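Every read-out reported here was derived from the displayed coordinates using simple, explicitly stated rules and does not represent laboratory data. Because the structure is predicted, anything quoted here is derived from the model rather than measured. Here the Cβ is made from the backbone with ideal geometry for all residues, glycine too, and neighbour counts use every protein chain on show.
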Number of protein chains: 2
Amino acid sequence: MSGVDVIFEPSSVILIGSSRIREKVGLSSPQLFRSVVYNMKKFFKGEVYVKDVNGEEGQNIEALPKVPELAVLMLPPEKSIIEAEKCAKMGVKAFIIITGGYKDEQRRELLRLKEEHGVRILGPNTVMGVINTANGLNTAFDKDVMPAKGNIAVISQSGGVGACILDWACYYKIGISKFAFMGDKIDIDDVDLLRYFAMDKETKVICLYMEGVKDGRKFIEEARKIVGKKPILALKSGITQESAHRARSHTASMAGSDEIFNAAFKKAGIIRVEDPEELLNAALALSKQPPMFGDNVAIVSNVGGPAILAADAVVRNNLKLARLSDETKRKIESLYLGVDATNPIDMIADARAERYRKVLELVLADDNVDGVLVINMLKSCFFEPEDAKVIPEVAAKYPNKPVVDVAAGGEDFELVYGVIGESSIPVYNLPEKGVKALKVLRTYGRIVEKVG
Amino acid sequence: MSGVDVIFEPSSVILIGSSRIREKVGLSSPQLFRSVVYNMKKFFKGEVYVKDVNGEEGQNIEALPKVPELAVLMLPPEKSIIEAEKCAKMGVKAFIIITGGYKDEQRRELLRLKEEHGVRILGPNTVMGVINTANGLNTAFDKDVMPAKGNIAVISQSGGVGACILDWACYYKIGISKFAFMGDKIDIDDVDLLRYFAMDKETKVICLYMEGVKDGRKFIEEARKIVGKKPILALKSGITQESAHRARSHTASMAGSDEIFNAAFKKAGIIRVEDPEELLNAALALSKQPPMFGDNVAIVSNVGGPAILAADAVVRNNLKLARLSDETKRKIESLYLGVDATNPIDMIADARAERYRKVLELVLADDNVDGVLVINMLKSCFFEPEDAKVIPEVAAKYPNKPVVDVAAGGEDFELVYGVIGESSIPVYNLPEKGVKALKVLRTYGRIVEKVG
C-alpha cells in the first residue's frame, strides 16, 4: 500500500493526544481527544491504540505488540512533531494531523520526516481528519457522527465546510464512501486524493470543496483522466477579492481568480456547484442514475401546480420539455379518463402505484424522452408512501434513462424518502431540485461524450 | 363582517359532504369528507355542524338551532349546487368549495347565488380550502396538518403547490397566520384576499402562489397600497410557453407573458421568488426582522470555510461585504487573541456565547454595517445550541439592523432551531440561504423607501 492508502485503510491506528493539554489556537483539547478516541473505539474495525501524552491511560508506542500503520496526532505543534518523529522511526507509515497552528519551520520539520522515513502526512489542521464508512475509521471530533455507507467520496479543504457537508450527509442519509479533510495539505493534496478515489472501489462520485490548489496544471490533468469513469463535482469558494483574501489566510493556499478556475474546471470536465446542498444533491443523482444523453425531460406528476413549477425549472436550466409521441399520449389518455397526457403530465390527485407504474413505463419507452422527473405528493393527494416503490422498479427496466423523484415538501419528503431513499432513485424535496439533478446528469452526459 | 371575513372567521360552520359518494374528477370522496370533519372537530374553536348527504350521521341544515355562517362543500358539482342553494336561502353567508370539476354553466349557477343572496364563494376546486391558525378553522383534507401560529399569510392558486408550502411550513415550524387555497376563483380572488390580509392583525407578510390573475391592473393597484405596510412575496409559475399552456388548463386562468408579470410585480413593489422554499425563507425573514436600509453585510462566524461561502453569496446577490471601522476591528482583536477581525470575521472554533455576544454587539454598533449574518456551527466546533440565545438578545438592541442566523447543516440546523427557532431571529441551514434572506430584506428596504 502507498501512504495515501494507509490514511484510509490502516490495519492498526494509534491515537496520540492529551487528556490535559488545552491550547486555543490549533484546537488541541481534552474534549477533541476524547471524542476521537470514542469514535475510533466505537466504529473502527482494526486495532486501536491510544497514547495520552502527560496522562495516565496511554500506551507507549515502543511497548506495543506491533507498530501501528497510522498515527492520528491531536497535540500542539511542538509536541506533535516529537511524537511524529518517534512514530516515524518505529515504522509508522502515515499521519493524520488534526490540530493546527503550525509555523513554517514546524511544517518543514514534518516534511523532513517524510523525506527521511517515507511517511505520508494528511494535514496539519485537518480538523476532522478522515472517515471511511467501509472499515469504520473515524477521526471526526464530534461523537457518533457517522454517515451511511454509500459511494460518494468527499474531499474538503475546510473543516467547517466539510463538517457542514458531513452533517448534511448524516442527517439526510446520503451514502458516503469516504471523507477526507485536507487542511493545510503540506504533503497529501487534492491530486493524491483524486488518484486514490479514482482507484477506490467503494467510490463512484468524487466531491471537492476547495479554496485553492497548489499545482493547477497537475490537478486538471489528473481530473481529466478520471472524469470519464467517475464524475467530479467541485464547490469552489473565494469568488470575490475579499473572500479570496480570507481564503488565503484560512488554509494558506493560493486562491487564484475565479474565472481561471471556471475555465480550468471546464477543461478538466469538473462540474462546478454553488453550495453544499447542491453539491450533495448532484452527487446523489450521479451516484444512483445514469448520465442523460439528450435534453428532453418528461414530468409525471399527481399534482398540477408543482408540475408547472418543474416545467419552469426545466426551461430555466436550459433543458427541454419532451414532446411525447402521439402514441404515448393516446395510450395514457385511453387508460385514464380525464388525464391530459401533454407534458408535464398531471395524472390527477387520485393516482396511486398502478397509475404511476403504467404511465412512467409508457413515458420511459418513448424515444422522445431522455429523462424523467416523477412528482408524487402525499398532501392533498391519495398517494401513499409505499406506492413509491414502483418507481425504482419501472426505472430499472430503462437503465440508460435517468429517473429522479420529487416528494415536494417537508413531511412528504421524509415519508417517501423512508420508502425509496435507499433505492436507485434519488429523491428531492422540491421540483426545482429534481430538475437540477437531471441537469447535472445531462452535464455529465456531455462530459462522458467528450472524454469517451 | 364582509363575506371574505366570514371565510376566515366564521362563528359557525357546516361541513357538507358524503360518506358514500366517490367521484374521480373533482375529488369528491368519503376519505376527503372524513378528514375535513376530523380536522374541523379537532381544531376549530367555533361551532361545527356536519351534513352527510346520502348518509346517516348528518344534521339537516333546516333543523339546526341557528344558521351557520359558513358552508364547506365537498360534493360533486350538481349536488353541491343544490346544497349551496338551500344554504343561501337559509342565510349562510359564505361558501368554501373544496371539490372541482365544475362546468361553465355550473359556475354561473353559483354566481347566481352570489347575486341573489349576496353570498361570497371561495373556489370551486380549492382542494384544501382555508386554514386560520388563530381560531383553528381547518378544511385541509390531510388529517392533523396544522401549522404553528405566526404572522405569514399564504394565498395559493394551486392545491398542489399550496399543499407543498403548507407541508413545508408545518415541518419546519414556520409560523402561519392564515392559508387560503383560491382554486378557480369564480368569486373571491387575489384582490379580495390581498385586501383582507392587508387589514388582518395576525398577518405581517403576504405570500402568493399564482399562475395568473383575472384583472392585472386592479391587482397591481391593490398591491401597491399594501406593500409599504406589509411585504408581498409572489411565486409565479408558467414562465414558459409549455408550462403557461398547462397553467391555463390547470386552474382556468389567463397566464400572460412572464416579462409582463415581472414588470407588473416591480411596479407594484411585489418581491418575486423562484420556489416554495425561497418563498418561505423570505417570508420568515420579513416576518421577524426589519428591512435593510443599506448594502453592507457583516459576517460573524465560528468557522472559516462557511464564512467564505457566505461572503461569496453576498457578492453574488449584489450586496457588499461591510468594511468594519478600524475601531471595531481593534476592539475585537484586542479582546480575542488570534481572531482576525476582517469581515467575514472568523472567531475560531472555540467561540461560545460570550464571544458571540461581544463581537455581534461591536459589529452591530458599527455605522458601516447595515445587516449581520451570524454563522454558528456545532460540528467541528465547541459551540453549544444554548449559546445561540445571545443572538436574539443582542439583536434586540439594534432594532433597525437585520440579523439572520445560519446553523449550517442538517442536525446542526435542527438543534439551533430548537433553541432560537421561535425567537425574533430567522435561522437557515446554509450560508447562501441566510444571505438570500438579507437580500430580500434589502429589497424590501428599497420598496419601503420608494413607497413611503
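Through the Karplus equation 6.51 cos²θ - 1.76 cosθ + 1.60, θ set to phi - 60°, convert the phi angles of the stretch B:119-126 into ³J(HN,Hα) values in whole Hz; use x for Gly and Pro.
Rounded to whole hertz, the list is 6, 10, 10, 9, x, x, 6, 6.
Extending each Cα 7 Å along its Cβ direction at A:LYS267 and B:LYS397, get the distance between those two points in nm, one decimal.
Here the answer is 5.2 nm between the modelled labels.
Can you work out the base-10 log of I(q)/I(0) for the stretch B:261-408 at q = 0.09 1/Å, using the Debye formula on its C-alpha atoms alone?
Here the Debye-derived log intensity ratios amount to -0.29.
If you restrict to DSSP beta bridges whose two residues both lie in the stretch A:102-180, what percentage is antiparallel, to the nearest 5?
Values: 5 of 10 bridges.
Once the DSSP bridges in the stretch A:102-180 are tallied, antiparallel ones form about 50 percent.
With N residues in chain A, what two-decimal value do you get for its Cα radius of gyration over 2.2 N^0.38 Å? Could the numbers behind the result be given before it?
Details: Rg = 24.6 Å, N = 452, 2.2 N^0.38 = 22.5 Å.
For chain A, the normalised Cα radius of gyration is 1.09.
Quick check: convex hull of the Cα atoms in the stretch B:1-152, volume per residue, rounded to a whole Å³? Walk me through the numbers before you get to the answer.
Numbers: hull volume 15.9 nm³, N = 152.
That works out to 104 Å³ per residue.
Which percent of the Cα-Cα distances in the stretch A:377-452 go past 15 Å? Intermediate results must be reported in sequence, preceding the final value.
Values: 1659 of 2850 pairs.
Everything past 15 Å amounts to 58 percent.
Through the Karplus equation 6.51 cos²θ - 1.76 cosθ + 1.60, θ set to phi - 60°, convert the phi angles of the stretch A:358-375 into ³J(HN,Hα) values in whole Hz; use x for Gly and Pro.
5, 5, 4, 5, 4, 5, 5, 6, 6, 5, 7, 10, 9, x, 10, 9, 9, 10
For the stretch A:64-96, run through the trypsin sites (Lys or Arg not before Pro) and keep only the ones in DSSP coil with at most 13 other Cβ atoms within 10 Å of their Cβ.
Working: sites: A:LYS66, A:LYS79, A:LYS86, A:LYS89, A:LYS93; in loops: A:LYS66, A:LYS93.
Here the trypsin sites (Lys or Arg not before Pro) that fit, given the DSSP loop and packing criteria, are A:LYS66.
For label points placed 7 Å from Cα toward Cβ, what is the shortest-first list of nm distances from A:VAL25 to its copies?
7.6
For the stretch A:36-124, compute the orientation-averaged projected area of the C-alpha convex hull (one quarter of its surface), in nm². Write out the running numbers ahead of the final one.
Working: hull surface 23.0 nm².
It is 5.8 nm².
Among residues other than A:LYS143 whose Cβ falls under 10 Å from its Cβ, what is the net charge (Lys/Arg +1, Asp/Glu -1)? Write out the running numbers ahead of the final one.
Details: positive: A:ARG34, A:LYS42; negative: A:ASP142, A:ASP144.
Once all neighbours under 10 Å are counted, the net charge is 0.
Between B:SER325 and residues 5 or more places away or on another chain, which pairs have amide H atoms under 5 Å apart, with H built 1.01 Å from N, and which residues are they?
For B:SER325, the qualifying residues are B:ASN368.
Once label points are set 7 Å from the Cα along Cα→Cβ at both B:SER424 and B:ASP367, what is their separation, rounded to one decimal in nm?
Between B:SER424 and B:ASP367, the simple spin-label model gives 2.4 nm.
Run through the stretch A:368-452 and list the trypsin sites (Lys or Arg not before Pro) located in a DSSP loop whose Cβ has at most 11 other Cβ atoms within 10 Å. List each step's numbers first, then the result.
Numbers: sites: A:LYS379, A:LYS389, A:LYS397, A:LYS433, A:LYS436, A:LYS439, A:ARG442, A:ARG446, A:LYS450; in loops: A:LYS379, A:LYS397.
Listed in order of number, the matching sites are A:LYS397.
Any idea which of A:ASN429, A:MET210, B:VAL390 is furthest toward the positive side of the dipole for the protein assembly as shown, if Lys and Arg beta-carbons carry +1 and Asp and Glu beta-carbons -1?
Toward the positive end, the furthest listed residue is A:MET210.
What does the helix-only formula give at 222 nm for the protein assembly as shown: each DSSP H stretch with n ≥ 4 adding -39500 (n - 2.57), the total divided by the residues, and the result rounded to the nearest 500 deg cm²/dmol?
Working: 32 runs with 380 residues, N = 904.
That calculation yields -13000 deg cm²/dmol at 222 nm.
Around B:THR342, which amide H atoms from residues at least 5 apart in sequence, or from another chain, sit under 5 Å from its own amide H, with H modelled in the peptide plane?
For B:THR342, no residues qualify.
Would you mind listing the distances between the A:LYS42 label point and the same position in each other copy? Use 7 Å along Cα-to-C-beta, nm, one decimal, shortest first.
From this label point to the equivalent ones elsewhere in the assembly: 3.5 nm.
Rule-of-thumb check for the stretch B:329-389: C-alpha Rg over 2.2 N^0.38 Å?
On the way: Rg = 11.3 Å, N = 61, 2.2 N^0.38 = 10.5 Å.
So the Cα radius of gyration is 1.08 times the expected 2.2 N^0.38 Å.
Report, to one decimal in Å, the Kirkwood hydrodynamic radius for the stretch B:87-158 based on all distinct Cα pairs.
Details: mean 1/r = 0.0724 Å⁻¹.
Every distinct Cα pair counted, the radius reaches 13.8 Å.
For chain B, what is the percent of antiparallel DSSP beta bridges, rounded to the nearest 5?
Working: 5 of 56 bridges.
Antiparallel bridges: around 10 percent, rounded to the nearest 5.
Once fully extended, how much extra length lies between A:ARG217 and A:LEU64, figured as 0.36 nm per residue of separation less the alpha-carbon to alpha-carbon distance?
On the way: separation 153, 0.36 × 153 = 55.08 nm, distance 4.34 nm.
The A:ARG217-A:LEU64 span can extend by a further 50.7 nm.
What residue of chain B sits with its beta carbon nearest the rotation axis taking B to A, and at what distance in whole Å?
Closest Cβ to the B-to-A rotation axis, residue and whole-Å distance: B:GLU277, 5.
Which whole-Hz couplings ³J(HN,Hα) result when phi for each residue of the stretch A:274-290 is put into the Karplus expression 6.51 cos²θ - 1.76 cosθ + 1.60, θ = phi - 60°, listed in order with x for Gly and Pro?
Result, ordered by residue: 10, 8, x, 5, 4, 4, 6, 4, 5, 4, 4, 4, 5, 7, 10, 10, x Hz.
When averaged across all projection directions, what area in nm² does the alpha-carbon convex hull of the protein assembly as shown cover? Mind showing how you got there, number by number?
Values: hull surface 148.9 nm².
The orientation-averaged projected area of the Cα hull of the protein assembly as shown comes to 37.2 nm².
If the limit is 30 Å between Cα atoms, which of B:LYS178/B:LYS358; B:LYS93/B:LYS218; B:LYS178/B:LYS439; A:LYS178/B:LYS173 go over it?
B:LYS178/B:LYS358; A:LYS178/B:LYS173
If you count the DSSP beta bridges with both ends in the protein assembly as shown, what percent of them are antiparallel, to the nearest 5? The partial results should precede the final answer.
Working: 10 of 112 bridges.
DSSP beta bridges in the protein assembly as shown are roughly 10 percent antiparallel.
Decide, for the stretch B:144-240, between rounded, prolate and oblate: order the square roots of the alpha carbon gyration tensor eigenvalues as a ≥ b ≥ c, take rounded if a/c falls under 1.5, and otherwise choose prolate if a/b is larger than b/c, else oblate.
Details: a/c = 1.85, a/b = 1.23, b/c = 1.50.
Oblate, since a/c reaches 1.5 and b/c is not below a/b.
Can you give me the long-range amide H partners of A:CYS207? Hydrogens built in the peptide plane at 1.01 Å from N, cutoff under 5 Å, separation of 5 or more residues or another chain.
Distant-sequence amide H within range of A:CYS207: A:ALA153, A:VAL154, A:ILE155, A:LEU233.
Taking 7 Å along the Cα-to-C-beta vector as the label spot, tell me the A:LYS173-A:LYS149 distance in nanometres, rounded to one decimal.
So the two model labels end up 1.6 nm from each other.
Give me the dipole magnitude in Debye, nearest 20, for chain B about the Cα centre, with unit charges on the beta carbon: positive for Lys and Arg, negative for Asp and Glu. Spell out each step's value before the answer.
Values: 61 positive and 62 negative charges, 184 e Å.
Its charge dipole is roughly 880 debye.
Computed over the Cα atoms of the stretch B:407-450, what is the convex hull's projected area averaged over all directions, in nm²? Working shown, then result.
Numbers: hull surface 12.7 nm².
So the mean shadow area of the Cα hull is 3.2 nm².
With +1 on each Lys and Arg Cβ and -1 on each Asp and Glu Cβ, and nothing else charged, work out how big the dipole of the protein assembly as shown is about its Cα centre, in Debye to the nearest 20.
Working: 122 positive and 124 negative charges, 162 e Å.
Using only the charged Cβ atoms, the result is roughly 780 debye.
At R0 = 45 Å, how high is the FRET efficiency between B:ASP104 and B:LYS41 if r is their beta carbon distance? Nearest 0.05 is fine. Don't jump to the answer; show the numbers that get you there.
Working: r = 35 Å, r/R0 = 0.78.
Efficiency at R0 = 45 Å is approximately 0.80.
Which distances, shortest first and in nm, link A:ASP367 to the matching position in the other copies, using label points set 7 Å out along Cα to C-beta?
Here the equivalent label points are 7.2 nm apart from this one.
Please work out whether the stretch B:25-81 counts as rounded, prolate or oblate from its C-alpha gyration tensor, where a ≥ b ≥ c are the square roots of the eigenvalues and a/c under 1.5 means rounded, while otherwise a/b larger than b/c means prolate and anything else oblate? Don't skip to the answer; put the middle values down first.
Numbers: a/c = 1.75, a/b = 1.25, b/c = 1.40.
Verdict is oblate for the stretch B:25-81.
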